[in-house]
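See below for the structure under consideration.
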Ligand code: TRP
Ligand code: SF4
């Protein structure tokens, strides 16, 4: 085939999420929604642009939550349901659970041999998290190795692109460094065995929770993908607003109101204009404004909840999807591991 007619090989995309339980709008807007777009992206000829792998990082959950693992299974299940509800489609991507693919652990072990401790100690999240999660003892080997395991997650698929938020960019950077060091020690002929992956930064809109702080499970201020319409309306009704708007007749300032931050993400530009005009002139009340927001959020969630209902009613199908995903992921990972074992002299 000539250069011009050759089909471009779809480039591999990989990303993962820790099983933190039911996912919220922040998880969706900051990651999942983007994953669905990547899985659906096509070239001009209609062929898929990427070969996508998306997984639930249950090993990673153990790096911090090792003391009580009783909820792990259920959390993995909840996240799997949310993946499918959000529109990840097993026909278009490979969906799996990390611990179903032992090659992640094997590669992590081998990469550990060449990874200087100082590289892991200087990853910003290492000290930050230790300080934030004071109630847990994170002076463990496993927690220090979090970025190393993440590197193995990525490199075991020889992934080209890793869609993550800014908070994970440093982890992709250390992955590149570890890959470079591996390639430096162990050559695979004229081709590098572990290509350096590139980060695909997911633009994450500012998504406040109902208390005005960043939407986060640990703050208890989230709107879940699985919340019913009534839940969404009730939660938004209690959301904090511009504190200067005490009475209905006080004018407000949408630019400092967390409700408006959500309007900017979910509402049409017409609705946003109506809010701006109505708020600054005291023409609308906050209850009405929040009602409009709820309409927009409910509309965004409707297709997600429809799919969730389907998969909740078909648990065997969810099992089959994860099993099939594990088979495909194991096959791809094994290809890399054969090269890796050989390169380090193990075979
Ligand atoms: N550390 C990521 C997070 O907390 C989850 C994760 C684990 C991941 N392994 C990965 C993301 C590999 C991308 C690629 O969000
Ligand atoms: Fe916020 Fe809307 Fe109330 Fe204005 S009207 S303060 S934007 S909730």
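None of the figures in this text is laboratory data; all of them are computed from the coordinates on show. It should be emphasised that the depicted structure is a prediction, and the values quoted were computed from it without experimental measurement. With ideal geometry, Cβ positions are generated from the backbone for all residues, glycine too; neighbour counts draw on all protein chains shown.
Fewest neighbouring Cβ atoms within 10 Å first, the residues 300, 270, 37 line up as 270, 37, 300. Running Debye on region 102-152 with equal point scatterers at the Cα sites and no solvent, what base-10 log of I(q)/I(0) appears at q = 0.19, 0.20, 0.21 Å⁻¹? Calculated log10 I(q)/I(0) at the listed q: -0.62, -0.68, -0.74. Normalised by the number of residues in the chain, the mean separation of alpha-carbon contacts (under 8 Å, six or more apart) gives a relative contact order of 21 percent. For the chain, the Kirkwood estimate of the hydrodynamic radius, built from every pair of different alpha carbons, is 22.1 Å. Expressed as an acute angle from 0 to 90° and rounded to the nearest 10, what is the orientation of the C-alpha long axis of helix 315-344 relative to the principal long axis of the chain? That works out to roughly 40 degrees. Computed from Cα positions, the angle between helix 146-155 and the longest principal axis of the chain comes to roughly 70 degrees.
The calculated Kirkwood hydrodynamic radius for region 227-310 is 13.2 Å, given to one decimal from all distinct C-alpha pairs. Between the Cα long axis of helix 72-86 and the first principal axis of the chain there is an angle of about 70°, rounded to the nearest 10.
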